[in-house]
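S.K.: I have a structure I would like to understand better, so I am pasting it below and will then ask my questions one at a time.
The values are calculated or read from the model by the stated rules, or taken from the named source; none is laboratory data. Note that the structure is predicted; figures quoted are calculated from it, not measured. Positions of Cβ are generated from backbone atoms using ideal geometry, with glycine treated the same way; all protein chains shown enter the neighbour counts. The protein model used for the area step is the full one, side chains on, heavy atoms only, and it has no ligands, DNA or RNA in it. Shrake-Rupley method; radii C 1.70, N 1.55, O 1.52, S 1.80 Å.
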Amino acid sequence: MIDSSGLRRIVVEDLWRLRFVGDPQVSPDGSRVAFVVTETDVEHNAYRSAIWVADTDDPGSARQFTNPAGKDRAHRDRSPRWSPDGQRLAFVSNREGEDRIWCIDGGGGEAVSLGDFEGSASGLTWSPSGDRLAFSAMPAADSDCDKDEHPADVWVTRKLRHKFNGRGFLDDDRNLNIWVMDVDTGEATRLTDAGADDHSPAWSADGSAVLFTSDRRPELEMYYVQDLYEVPAEGGEARRLTEGQGPVSVPRMSPTGDVIAFFGHEHGDSSTANTEMCLMSPEGTDWTSLTSGFDRNVGNSVGADARFDAGEAAPGWCSWGLVFSLTDGGCSSLYRVDREGNHSAIGGFPPVITSYSVNTEGEPVLAAVGADHDTPGDLWVLSPGGDPVQFTDFNAELFAEIELSIPERVTFAGAEDWEIEGWLMKPVGFEEGKKYPLVLEIHGGPAGTSGNAFFHEYQMLAAAGYGVLFSNPRGSTGYGQRHAEGVIGDWGGGDYRDLMGGVDFACEQDWVDPERLGVTGGSYGGYMTNWIVSQTDRFAAAVTYRSISNLYTKYGCSDIGFYSNRRGMGGAELWEEEDFIMSRSPIRYAPDVVTPTLIVHSEEDYRCPMEQAEQWYVALKRLGVDCEFVRYQGENHELSRSGKPYNRRDRLNRALAWFDRYLGT
């Protein structure tokens, strides 16, 4: 539909035209920045990506640096990492089939494969001397492990953690390990093999050891508290540097080797404690938080459905001290802090920073991917003595064609008169005096965050004639620890009243039709969708994605249910507080549901397993509620964000059709 301005409304297929910028990496001398550009490969129903490079003194210099194009399938180059001298760029690519580590000259040319190691490497990092690469990867399966001519089709586990969303059922004998590869020979040596997943390798300043994080202690299988470890780069016994005070992640040794920076906290197995910017001695002593006074969460938790290759947000050492991002309400901003804790915000960037990096040599050059309500993110660069400058605008042509609905920030009273932040979107083509249906969108988590990021799904609803309301009820990250803790042991309580406070506020607007309300959300947002329609008949239609209907059974069938949901219920245990757990499960109140409900779920979702959707569908169907059940094969919990393009289109079209049927735009 074209309006008088000559602009059209966004459609589902525009998702396929979006190009996504991610994982910027500044060269050691600050002269260049490498980054990843991802786009949809419609022909192969997949995604392709290439590495681009820009000169940091020239905003118009961005150029494609690798070309993984192929006719047989979509190829992806990712995780670019500069060598210490800036003369080479290592990256991971599946251009010849399985993921391998490749290297290309810093001036360009043909990339070469570094050996025949096959595995999806993550955390790729160069040694200080530039002759080795450390990474985390799973060893190849042993095809000769069973000589039986007709082996049984069987899988056996002896671990509590035996499956994981996106990975499937876990092999007790194959975990993510830390590896070191000789760049000249391509020979890869495994440094760790302790029966646990090892993540985020980082070199010591002298290259003699590799730091990493792991949750190794058997008694911690019931929890999730990663410790910091160090292993000799030549092999040997790993040494634990922390004692389970709280989860740690992304360690980075200072250039001088006298201190380790990392993200973490000392509040044990807590999902609501603020992640902090921390320091520790190489001996594992003197844990110090540099951000404990912020009462905000380090890192970016602002969600979006249009983002790829966000990179590994980590402490960035430079002459300022450290650079990190911080979630504050609906924004994630960049900060700098010195070793004494003196900090300041780095202004001039878009409101949501999804990834960033800074050089370690000379004056800091800071590159970041910044997003807003009207763009999924582009490359910005801050050079010495200047202000942040936008270097790319990959979606300019698309956005020049379409009219967007720009969300308006609102605040309203939630439970206990807490002030809740939200955003209200008017339909595209809004006309004064008309009444419009409204859809309440609920984020996942519950520790996720809604905010100033581009959401294709929200824009699509607005283009179809719907108002859209999204907000950050208690449980959301970005408003301090008290706000985040407000949902613990109270799912369906204060959070429900917060959301309904937003609906009440929206219905006071003269353009919202209170008789045509829809509700939708995924994961925890799917739980809240199910909960809401079991508690009120205010909504005329619901679409519940990857949802939760029975918290009692989710304890035992989710990959993280036995510790994450137990934690979310305030530590309630199945055999001791069955009635309480069921009292917060939508399935108990299924007889009260009258709202027509579309149930959308993925077959390989291990986070919120299919049985959750099956229970909800069977219950509603038996009770005579108008409902449909949509199941996507070959997809997992990430369908809405990184599922196959045609499945994502189908999902959005079905949701639109459902709301159109019952809300009638």
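S.K.: Taking 1 over the mean of 1/r across every pair of different Cα atoms in segment 592-642, what Kirkwood radius in Å do you get?
M.R.: Values: mean 1/r = 0.0874 Å⁻¹.
Across segment 592-642, the inverse of the average 1/r is 11.4 Å.
S.K.: Moving on. Arrange the peptides 7-20, 125-138 so that the one whose residues have, on average, the most other Cβ atoms within 10 Å appears first.
M.R.: Details: 7-20: 18.6, 125-138: 20.2.
Per-residue mean Cβ counts within 10 Å order the peptides as 125-138, 7-20.
S.K.: Leaving ligands, DNA and RNA out of it, work out the accessible area of D173 with a 1.4 Å probe and give it in Å² to the nearest 10.
M.R.: Answer for D173: close to 130 Å² accessible.
S.K.: Let me ask something else about it. Return a whole-number percent for the relative contact order of segment 26-165, with Cα pairs under 8 Å and 6 or more residues apart as the contact set. Intermediate results must be reported in sequence, preceding the final value.
M.R.: Numbers: 252 pairs, mean separation 19.3, N = 140.
Normalised by residue count, the contact order of segment 26-165 is 14 percent.
S.K.: Convex hull over the alpha-carbon atoms of segment 161-288: what's its volume per residue in Å³?
M.R.: Numbers: hull volume 15.9 nm³, N = 128.
Cα-based convex hull of segment 161-288, divided per residue, equals 124 Å³.
S.K.: Right, next: Quick one: Debye curve from the C-alpha atoms of segment 513-665, no solvent, what's log10 I(q)/I(0) at q = 0.21 Å⁻¹?
M.R.: Debye intensities relative to I(0), on a log10 scale: -1.32.
S.K.: Given K435/K644; K163/K621; K554/K621; K434/K554; K159/K621; K163/K426, which pairs have Cα atoms separated by over 32 Å? Display every interim value, and only then the final one.
M.R.: On the way: K435/K644 36 Å; K163/K621 30 Å; K554/K621 21 Å; K434/K554 44 Å; K159/K621 36 Å; K163/K426 42 Å.
In this structure, K435/K644; K434/K554; K159/K621; K163/K426 lie more than 32 Å apart at Cα.
S.K.: Could you state the orientation-averaged shadow area of the convex hull built on the Cα atoms of the chain, in nm² to one decimal?
M.R.: Numbers: hull surface 119.6 nm².
For the chain, averaging the hull's shadow over all directions gives 29.9 nm².
S.K.: For M582 paired with I402, estimate the spin-label separation in nm (one decimal), with each label point 7 Å from Cα along the Cα-to-Cβ line.
M.R.: 4.6 nm
S.K.: Continuing with the same structure: Restricting to bridges with both residues inside the chain, how much of the DSSP beta-bridge set is antiparallel, in percent to the nearest 5? Provide the component values of the computation, followed by the final result.
M.R.: Details: 108 of 138 bridges.
Percent antiparallel among DSSP bridges in the chain is about 80.
S.K.: Continuing with the same structure: Determine the relative contact order of segment 60-130: mean sequence separation of Cα pairs under 8 Å and six or more apart, normalised by residue count, in whole percent. Numbers along the way, then the final one.
M.R.: Numbers: 116 pairs, mean separation 18.2, N = 71.
For segment 60-130, the relative contact order is 26 percent.
S.K.: Please work out the Cα center distance from segment 296-332 to segment 364-395, rounded to the nearest Å.
M.R.: Spelled out, the Cα-based centre of one part sits 14 Å from the other.
S.K.: Ranking request for peptides 540-546, 497-503: highest mean number of other beta-carbon atoms within 10 Å first, then the rest in descending order.
M.R.: Numbers: 540-546: 27.6, 497-503: 22.4.
The peptides rank, most packed first, as 540-546, 497-503.
S.K.: Ok, one more. Tell me, what is the FRET efficiency for E98 and L160 to the nearest 0.05, using R0 = 25 angstrom and their Cβ-Cβ distance as r?
M.R.: Numbers: r = 30 Å, r/R0 = 1.20.
Calculated value: 0.25.
S.K.: Can you work out the accessible area per residue across the chain, with the rest of the protein chains kept in place, probe 1.4 Å, in square angstrom?
M.R.: Values: 25970 Å² over 665 residues.
For the chain, the per-residue accessible area is 39 Å².
S.K.: Just how much of D579 is accessible, in Å², when a 1.4 Å probe is used and the result is rounded to the nearest 10?
M.R.: 100 Å²
S.K.: With every protein chain present, what accessible area does E578 have (1.4 Å probe, heavy atoms only), rounded to the nearest 10 Å²?
M.R.: 100 Å²
S.K.: Which order do you get for Y552, Y436, Y466, Y223 if you rank them by accessible area with a 1.4 Å probe, largest at the top?
M.R.: Values: Y552 55, Y436 20, Y466 0, Y223 85 Å².
So the residues, ranked largest to smallest area, are Y223, Y552, Y436, Y466.
S.K.: Taking the Cα centre of the chain as the origin, how large is its charge dipole in debye, to the nearest 20, when only Lys and Arg (+1) and Asp and Glu (-1) carry charge on their Cβ atoms?
M.R.: On the way: 59 positive and 106 negative charges, 283 e Å.
It works out to roughly 1360 debye.
S.K.: Would you mind computing, in nm to one decimal, how far apart the modelled labels at E638 and D116 are, each placed 7 Å from Cα along Cα→Cβ?
M.R.: Roughly 2.9 nm, to one decimal.
S.K.: A further question follows. Along the principal axes of its C-alpha atoms, what lengths does segment 1-137 span, in descending order and rounded to whole Å?
M.R.: Computed over segment 1-137, the largest-to-smallest principal extents equal 61, 37, 25 Å.
S.K.: Towards the positive end of the charge dipole of the chain, with charges on Cβ (+1 Lys, Arg; -1 Asp, Glu), say which of I406, G246, I560 has the farthest Cα.
M.R.: Checking the options against the dipole of the chain, the answer is I406.
S.K.: How high is the FRET efficiency from Q87 to A152, r the C-beta distance, R0 41 Å, rounded to 0.05? The partial results should precede the final answer.
M.R.: Details: r = 52 Å, r/R0 = 1.27.
Using R0 = 41 Å, I get an efficiency of 0.20.
S.K.: Next question, about the same structure. Separation between the E187 and E614 pseudo-spin-labels, each 7 Å from Cα along Cα→Cβ, expressed in nm?
M.R.: Once both label points are built, they end up 5.1 nm from each other.
S.K.: Also: Taking a 1.4 Å probe, which of H456, H343 shows the most accessible area, and what order do the others take after it? Please report the intermediate quantities before stating the final value.
M.R.: Values: H456 0, H343 95 Å².
These residues rank, largest area first, as H343, H456.
S.K.: For segment 212-263, would you read off the P(r) tail past 12 Å as a percentage of all alpha carbon pairs?
M.R.: Working: 873 of 1326 pairs.
In whole percent, the long-distance tail amounts to 66.
S.K.: What FRET efficiency, computed as 1/(1 + (r/R0)^6) with R0 = 30 Å and r the Cβ-Cβ distance, is obtained for E237 and C557, rounded to the nearest 0.05? Numbers along the way, then the final one.
M.R.: Working: r = 37 Å, r/R0 = 1.23.
My answer for the efficiency is 0.20.
S.K.: Report, as a whole number in µm² per second, the diffusion coefficient that Stokes-Einstein gives for segment 343-419 at 20 °C and 1.002 mPa s using the Kirkwood radius over alpha carbon pairs. Walk me through the numbers before you get to the answer.
M.R.: Values: Rh = 15.1 Å.
Once the numbers are plugged in, D ends up at 142 µm²/s.
S.K.: Cα-based Rg (one decimal) and Dmax (whole number) for segment 371-489, in Å?
M.R.: 17.1, 51
S.K.: What is the packing order of peptides 89-97, 302-310, taking the mean over residues of other C-beta atoms within 10 Å and listing the highest first? Let's see the in-between values first.
M.R.: Numbers: 89-97: 19.7, 302-310: 21.9.
Per-residue Cβ counts within 10 Å, averaged per peptide and sorted highest first, yield 302-310, 89-97.
S.K.: Tell me the carbon and sulfur percent of the accessible area for the chain, rounded to whole percent, probe radius 1.4 Å. Each step should come with its number before you reach the end.
M.R.: Working: 11640 of 25970 Å².
Result for the chain: 45 percent of the exposed heavy-atom area is carbon or sulfur.
S.K.: Let me ask something else about it. Please tell me the relative contact order of segment 219-323 in percent, rounded to the nearest whole number, where contacts are Cα pairs under 8 Å and at least six residues apart. Could you put the intermediate results ahead of the total?
M.R.: Numbers: 175 pairs, mean separation 21.3, N = 105.
Relative contact order for segment 219-323 comes out at 20 percent.
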